[in-house]
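Shown next, in structure tokens, is the structure this report addresses.
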Amino acid sequence: MTSVVRGRVIAVDGELAIVRGERGDVRVRTCAGWRPGDLVEASAAVQPFRGGDYPGPTTEVARLPRERLARLADRGAAMAALRRFFADRDFLEVETPLLVPAPGLELHLDAVAAGGGYLITSPEYQMKRLLAAGFERIYQVCKCFRAGEHGPHHAAEFTMVEWYRGFAELDAIARDTEELVAAVVTAVAGSPVARVPGRAIDVAPPWPRLTVREAMRRWAGVEVAGDEPAPALVAAVRAAGIDVADGTAWDDAFFAAFLARVEPALAALDRPILLEDWPAPLAALARRKPGDPRTALRFEAYVGGIELANAFGELTDPVEQRARFEHDQATRRARGKPVYPIDERLLAALAEGLPPSAGIALGVDRLVMLATGAATIDGVVTFAAGEL
Amino acid sequence: MYDTSDIRKGLKVLMDGNPYTVVEFQFVKPGKGAAFTRTKFKNLLTGAVVERNIRSGEKLEPANVETRDMQFLYKEGGDLVFMDQTNYEQVTISADLIGSAHDLMKDNLPCTVVFFNERPVDVTLPTFVFLEVTASEPGVRGDTSGNVQKPATVETGASVNVPLFIRVGDTIKIDTRTHEYVERVNK
């Protein structure tokens, strides 16, 4: 006997058939002439197909669990809702290359080498060139690759949606994010209620917001200025009872406290949160806040403890951008990491003039996890790395 | 040396001179921060569990730990003698290492023995053993409520609480982790 799962190839009365419905009344359609389906009771004697050319999914490799099939169907529905969302707001869908000579230079993202270049860790450099070329609202859904990342929320190959608005402030991106997440979760789950294992999270906009400094003060008991030397932050983190070694870098000391105290607190919230105003050393590709050089125009969206998205008020100054790239290269070299070339064409585009812009990268697999209640990223991708 | 990509359940490493085995691990990576593996290690000597964050690039020293399938032969005072069936080598292990389950061990019981630097440090028994009851008072007729138990002695000499319907000559299944009766086994 084989269980009756949608899409499974079975035999009914010795004839090849494909299950079309779910439980209860199971519709099957036979191959012969593809005539309209007969109705078969779930209790009918349904046997795995044994005759003819098609062996049917009789091995573990061919079989996918019922929950996985349901999640892949949900994933398709999520993607359709996502594209509808952007189409409704006059965003143009674009596609930029995945194979590039100069991937992102961020210290803690390692690119996968391929074909004499690298696979992108994010499509942002090329998308910014499109902004400079004159597009005002663009989005892209694509695969990104990050070497060595595998965990419940991480996969080396994953799907990202990035979108950018020219002539817009970061706040417009924050509103897009809240509405997109609510729309996609509603399309899959029927209401704007995301699920993480064990509980439900109301994702209806607007979402609460908190500055990074306030979060670090409230939950870690650490004051973060943003321009203090690393040993001063290390001392503050230690004073809060968090173990960090001597000589720890500024960013590592920050994340030691953030991961020990702030992330668990964010995970316990019953609402999403936008964590904004990041200290300047964590600016990445964000510009600084006008009148406050210690703070970057950046936010991260957290839902149920899952870091879902990262947004920037985009840095448009080619001189500062080059200085940051050179600094990133020097840090990579000093820490024995691969040093990627600087994307000169991006700098040339910034020099031509990038409009004031804001943009965001959001993890699509994590969004599908929230919409379906899946506990791990491997549960929402078609085939996880270990299944290939 | 191992690095974070080698971390998996059961990996044996040496930390501060003690052998540990990985019992749980999770990849952690903040968007803009450094990746590490949050790892729970169990001390193979004391059983104590410690959590450590292993940064990508950090190295772990392999521990000289070997796991061998061995058969329990007989007791000798407070010691137990085991034999490796592949090379007939015999090893004497103190009953203290096995804990309260040592009196559930019948001759020829297959066990797993963990050696650290050639010295036995841990013995794992099968989760269940099947032993014959050699002595037990008959249950009082009429008292059949679910939770009432009586003591019984099994063939190895251990005392185990059993339901009232168990009689001398019955074979019972016992959980070696809890030292508790599980069920009667029909022959």
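Laboratory data are not the source of any read-out in this text; all were calculated from the coordinates shown. Since this is a predicted model, take the numbers as computed values, not measurements. Cβ placement follows ideal geometry from the backbone for every residue including glycine, while neighbour counts extend to all protein chains displayed.
A few points about this structure:
- Our note on the geometry: Cα centres of the range A:310-376 and the range A:139-209, 18 Å apart.
- Taking the number of Cβ atoms within 10 Å of each Cβ as an exposure proxy, the fewest-first ranking of A:Glu178, B:Glu118 is B:Glu118, A:Glu178.
- Hits among lysines - C-alpha to C-alpha of B:Lys40 under 19 Å, sequence gap 8 or more where chains match: B:Lys9, B:Lys12, B:Lys29, B:Lys59
- Normalised contact order of the range B:4-62, rounded percent, pairs of Cα under 8 Å and 6 or more residues apart: 33
- Listed values for the range B:103-118 are Karplus-derived 3J(HN,Hα) couplings in whole Hz (6.51 cos²θ - 1.76 cosθ + 1.60, θ = phi - 60°), namely 7, 9, 8, 9, 3, 6, 5, x, 10, 10, 10, 9, 10, 10, 6, 6, and x replaces Gly and Pro.
- Working note: Karplus 6.51/-1.76/1.60 with θ = phi - 60° gives the range A:379-388 the couplings x, 10, 9, 5, 9, 6, 3, x, 9, 9 Hz, where Gly and Pro are set to x.
- Global geometry of the range A:281-388, whether rounded, prolate or oblate, following the gyration tensor of its Cα atoms and the 1.5 cut on a/c: prolate
- Overall form of the protein assembly as shown per C-alpha gyration tensor (a/c, 1.5; a/b vs b/c): oblate
- For the range A:76-136 versus the range A:221-249, the inter-centroid distance based on Cα atoms is 35 Å.
- Percent breakdown of C-alpha pair distances by 5 Å bin, ordered from the shortest bin, for the range B:1-45: 5, 22, 28, 22, 12, 7, 3, 1
- With coordinates expressed along the principal axes, the C-alpha atoms belonging to the range B:65-124 extend over 26, 20, 17 Å, beginning with the largest.
- Annotation: amide H-H contacts under 5 Å for A:Thr295 (H modelled 1.01 Å from N, sequence separation of 5 or more, or interchain): A:Ala280, A:Lys289.
- For A:Val203, residues with placed amide H under 5 Å, excluding near neighbours: A:Val193, A:Ala194
- Remark on chain B: ratio of C-alpha radius of gyration to 2.2 N^0.38 Å is 1.35.
- For B:Val185, nonlocal amide neighbours, meaning residues 5 or more places apart or on other chains whose placed amide H falls under 5 Å from its own, are B:Thr171, B:Ile172, B:Lys173.
- Principal axis dimensions, largest first and in whole angstrom, of the range A:183-340 by Cα: 50, 40, 35
- Protection proxy ranking, peptides A:275-283, B:22-30, average beta carbon neighbours within 10 Å, highest first: A:275-283, B:22-30
- Look at B:Val81, A:Val222 and count the other Cβ atoms within 10 Å of each Cβ; fewest to most, that gives B:Val81, A:Val222.
- Cα Rg over Rh - the range B:1-77, Kirkwood: 1.13
- When the Gaussian network model of chain B links Cα atoms closer than 10 Å, the mean-square fluctuations of B:Gly31, B:Gly77, B:Gly157 top out at B:Gly31.
- Note on A:142-148: average number of Cβ atoms from other chains within 10 Å of each residue's Cβ is 1.
- Here's the list of lysines a cross-link from B:Lys106 could span, going by alpha-carbon distance under 29 Å and ignoring same-chain residues fewer than 8 apart: B:Lys42, B:Lys75, B:Lys150, B:Lys173, B:Lys187.
- Residue-averaged beta-carbon neighbours from other chains (10 angstrom radius) around B:32-43: 4
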